[in-house]
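So the structure is just underneath, and the comments pick up after that.
The values are calculated or read from the model by the stated rules, or taken from the named source; none is laboratory data. Just so you know, these numbers come straight off a predicted model, no measurement behind them. In this analysis, Cβ positions are derived from the backbone assuming ideal geometry, glycine residues included, and neighbour counts consider all displayed protein chains. Surface areas here come from the heavy atoms of the whole protein model, side chains and all, with no ligands, DNA or RNA. Shrake-Rupley method; radii C 1.70, N 1.55, O 1.52, S 1.80 Å.
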Amino acid sequence: MNKEWSELNKTMQTQIRKNDTYEAGIDTLFELRNRLMKILTVFYSELNREEFNAIPFLNADGYHSKTIAYSIWHIFRIEDIVAHILINEDEQVFCTGGGIRRESIHP
């Protein structure tokens, strides 16, 4: 997450905590999500499998030490949780028979 996205994330978190700015927080969240999805689209069109499996910041701490593929998988797990548990109040796709197998991301 770059500095601009980090600031948007902080703004969104502050906004959704208050009733009078909750709707603005949702708008900020969608703006952040739209920016992220644009980057993922670029990754999909420009990176090959070897690049998806690369660890851009080898030996770094935290999520910087993960592959690009894992990071994308993690993003969509969060999407699944938000969409199903928080919004739909049903079962995550990941937890059903049609879920993505982690080993398809991590060969």
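Based on this model, can you work out whether residue 99 counts as modelled with pLDDT under 85, on the phi > 0 side of the Ramachandran plot and open to solvent by less than 70 Å² (accessible area, probe 1.4 Å)? In short, no.
Pairing residues of the stretch 63-84 that are surrounded by 14 or more Cβ atoms within 10 Å (Cβ to Cβ) and of a type in the set (Ser, Thr, Tyr) with residues that are assigned to a helix (DSSP H, G or I) and modelled with pLDDT of 80 or more, at Cβ distances under 8 Å and at least 6 apart in sequence or on separate chains, gives 67/52. The residues of the stretch 14-24 that are open to solvent by less than 90 Å² (accessible area, probe 1.4 Å) and modelled with pLDDT of 90 or more, listed by number, are 14, 15, 21, 24. Filtered by the rule that a residue be over 14 Å from the mean Cα position of the chain (by Cα) and small (Gly, Ala, Ser), the stretch 1-48 gives 24, 25, 45. Being more than 26 Å from residue 93 (Cβ to Cβ), open to solvent by 50 Å² or more (accessible area, probe 1.4 Å) and not polar (S, T, N, Q), is that true of even one residue in the stretch 27-45? Within the stretch 27-45 (the criterion being more than 26 Å from residue 93 (Cβ to Cβ), open to solvent by 50 Å² or more (accessible area, probe 1.4 Å) and not polar (S, T, N, Q)), the answer is no, since none of the residues qualifies. Cβ-Cβ distances below 8 Å connect the following pairs, each with a first residue in the stretch 32-61 that is farther than 17 Å from residue 4 by Cβ, a second residue that is polar (S, T, N, Q) and open to solvent by less than 100 Å² (accessible area, probe 1.4 Å), and a separation of six or more residues or different chains: 52/67; 53/67; 54/67; 55/65; 55/67; 57/65; 58/65; 59/65.
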